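Please read the structure below before turning to the comments.
The values are calculated or read from the model by the stated rules, or taken from the named source; none is laboratory data. Because the structure is a prediction, the values reported are computed rather than measured. In case anyone asks, the SASA skips ligands and DNA or RNA and just uses the protein heavy atoms, side chains included. Shrake-Rupley method; radii C 1.70, N 1.55, O 1.52, S 1.80 Å.
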Amino acid sequence: MRPFPHIVLIGPMGAGKSTLGAALAARLGLAFVDLDERIATAAGKSIPDIFAAEGEAGFRVRETRALAAALAGPACVLATGGGVVLAEANRDALRDGGLVVYLQVAADAQLRRVAGDRNRPLLAVDDPAARLAELQARREPLYRELARITLDTDTRPLAALVDELAAHLTAAQESHP
Ligand code: S3P
């Protein structure tokens, strides 16, 4: 068995976790799981509808449940939502259950990627740039604490990122006792 059955991508909204995750999974011959998609499927409604009906607190309960289920499931590349690191239970599960990769993105690239996206309820505010900065200030130390590998996503094309990450992962898997 692989020492790390789950490769977990963390980082803020717009870091490219889903895009890079799907490409990496294809490269490694692993399944790709998008945690937000799992949450929406389990709830039978979209992420914005979950936030509208149950608030952020309701969403976070669902997120914790979906994360535990994904980490208990078969080997995969798992793309998480930007707030997954907030709950201590999630951080413990990530520490135990996966090789965690932090995808970084500069604020301007992040804003470009999420501009006009109606699928992210936390950005339905007058000043999304300020909101992203606020979220990042709170979450960045948590991303850093959990990550075994950190990768900048806004300086190279997707194919180069996949190559680099695949190389890092091979080294990390080999050095894991
Ligand atoms: C969230 C990020 C979203 C989604 C939800 C909350 C967050 O996922 O989980 O809207 O708290 O940053 P992405 O990071 O994939 O956009």
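Contour minus end-to-end for S175 and A22, with contour as 0.36 nm per residue of separation and end-to-end as the Cα-Cα distance? Please list the in-between numbers first.
On the way: separation 153, 0.36 × 153 = 55.08 nm, distance 2.47 nm.
Computed gain between S175 and A22 is 52.6 nm.
For region 2-38 and region 59-84, compute the distance between their C-alpha centroids and round to whole Å.
11
Of the heavy-atom accessible surface of region 1-154 (probe 1.4 angstrom), what whole percent is carbon and sulfur?
51
Leaving out ligands and nucleic acids, note down the accessible area per residue over region 1-138 with a 1.4 angstrom probe, in whole Å².
47
Write down the radius of gyration of the chain and its Dmax, each obtained from C-alpha positions, in Å.
Cα only, the chain: 15.5, 49 Å (Rg, Dmax).
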